[in-house]
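Below is one structure, written out as structure tokens; comments come after it.
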Amino acid sequence: MIRIGIVGDIGSGKSHVARLFGYPVFNADVEVSKIYKKNKKCYKRLKKVLPLYIKSFPVRKKKLSEAIMENKNNLKKINKIVHPQVRSSMNDFIRKNKSKKFIILDIPLLLENKMNRKNDIVVFVNARKNKINKRLKRRNKANLKIIKKLKKLQLPVAVKRKKSNFVIKNNFKKNNVKKNAKNILRYIVNA
């Protein structure tokens, strides 16, 4: 099994690109949402460390955002509780898909949390800044101040790009991106 990690800037379209490879995708953002909605153990731990914000189950992202805006250390507390859960889910996903030729890891902090292995293929999703900003405003589900705080957790975009094996330019046109993904798969298989 070949593991392909997808990295890039917030809002660059990593999840869209990940799906276009046509293989099973582990999406860390989706997994985090599931944890907030279904994991009572995680809820109890969050409630214990953030009692002013977490008062009911399921955990509401809006309340977590408020906690992060109030104190940047709250983000570290949240990550300390949630990241081990995400890692465990990722390991389950990998075991379940071990017979697949490829798996795709759509994990925003893949490199930062050292969730990649030395022989993983890393694909950087490159998108123009103005396109990213338009998408983030349209999604409007994330507060721009929160995004700035999250970016501070991430490696600079230039470093992610340098650590990547391939770059896909995401112009947000499905056919072009899908063609690039297929070319990368073909190159990996023939290498």
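The values are calculated or read from the model by the stated rules, or taken from the named source; none is laboratory data. Because the structure is a prediction, the values reported are computed rather than measured. Please note: Cβ atoms are built from the backbone with ideal geometry, for glycine as well, and neighbour counts cover all protein chains shown. Keep in mind that these areas ignore ligands, DNA and RNA; they rest on the heavy atoms of the full protein, side chains included. Shrake-Rupley method; radii C 1.70, N 1.55, O 1.52, S 1.80 Å.
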Next on the checklist: Quick check for you: with a 1.4 Å probe and neighbouring chains kept, what is the accessible area per residue of segment 2-69, in Å²?
Outcome noted: 51
Checklist entry - Under a 1.4 angstrom probe, counting protein chains only, how are Y53, Y23, Y187 ranked by accessible area, largest first? => result Y187, Y23, Y53
Next on the checklist: Given the whole protein assembly as supplied and a 1.4 Å probe, what does the accessible area of H16 come to in Å², nearest 10?
Outcome noted: 50
Checklist entry - Highest mean first, what order results for 175-181, 157-163 on Cβ atoms within 10 Å? => result 175-181, 157-163
Checklist entry - Each residue of segment 55-65 in order: what ³J(HN,Hα) in whole Hz does its phi give by Karplus 6.51 cos²θ - 1.76 cosθ + 1.60, θ = phi - 60°, with x for Gly and Pro? => result 10, 9, 9, x, 5, 9, 4, 4, 5, 5, 4
Item to check | Proximal aspartates and glutamates relative to K149, as straight alpha-carbon distance under 12 Å, when same-chain residues fewer than 8 apart are discounted | outcome: E70
Item to check | Extension gain, K169 back to L150 (0.36 nm per residue minus Cα-Cα distance, nm) | outcome: 4.6 nm
Checklist entry - How much solvent-accessible surface does F57 expose, in Å² to the nearest 10, with a 1.4 Å probe and all protein chains in place? => result 70
Checklist entry - Over the chain, what percent of the accessible surface lies on carbon and sulfur atoms, probe 1.4 Å? => result 50
Checklist outcome for this item: Counting only protein heavy atoms and rolling a 1.4 Å probe, one gets per residue an accessible area for segment 93-191 in Å² of 69
Item to check | N71 paired with K162, simple spin-label distance in nm, labels 7 Å along Cα-to-beta-carbon | outcome: 3.6
Item to check | Probe 1.4 Å, all protein chains present, accessible-area order of D92, D120, largest first | outcome: D92, D120
Checklist entry - In vacuo Debye scattering of the chain, one point per C-alpha: log10 I(q)/I(0) at q = 0.16 Å⁻¹? => result -1.07
Checklist entry - For the residue pair K131 and K47, what label-to-label distance in nm results when each label sits 7 Å from Cα along the Cα-to-beta-carbon direction? => result 4.4
